[in-house]
Amino acid sequence: MGLGFNGGELLLLAIGACYTNDLYREAAKQQLTIQSVQVDVDADWSGDPVRAQNVSFSVKVEARASEREILDLITHTNRVAEIHNSLRMGTAVELGKTEAISVR
């Protein structure tokens, strides 16, 4: 039962997708043209409660630029990526309004 994916998969998808968006944004600022991007995200799931640990990602970028410019773009984007920095710096997640509706 469910939607065919789980929250952990969505978390890793968000990390990869947001980094990709950030790459395109930062490339535009540097007037670089990206041809393609591939981002692979991995994590270990363990602990009690279970949580993502050892999150890592790899990146492959093809662009109309020198290899040095592309590598600089990748590392710069890693420094400024919003989702990555939110996770790295810790973000409180609080339970807000709740409702319980009993249907019998």
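Observations on the structure shown:
- From the coordinates shown, Rg/Rh (Cα atoms, Kirkwood Rh) corresponds to which of (1) 0.93; (2) 1.11; (3) 1.04: (2)
- Secondary-structure-derived ellipticity at 222 nm for the chain, considering helices only, amounts to -14000 deg cm²/dmol, per-run term -39500 (n - 2.57) for DSSP H runs with n ≥ 4.
- With neighbour counts taken as other beta-carbon atoms within 10 Å, the residues Phe5, Phe57 rank, fewest first, as Phe5, Phe57.
- Rounded to 10°, Cα long-axis angle of helix 7-29 versus longest principal axis of the chain: 30
- Sorting the segments 43-55, 73-85 by their residues' average number of neighbouring beta-carbon atoms within 10 angstrom, most packed first, yields 73-85, 43-55.
- Total charge dipole magnitude, the chain, about the Cα centre, Cβ charges on Lys, Arg, Asp, Glu only, Debye to nearest 20: 240
Every read-out reported here was derived from the displayed coordinates using simple, explicitly stated rules and does not represent laboratory data. Only a predicted model underlies this, so the values are computations on that prediction, with no experimental measurement involved. Glycine also receives a Cβ, built like all others from the backbone with ideal geometry; neighbour counts cover every protein chain displayed.
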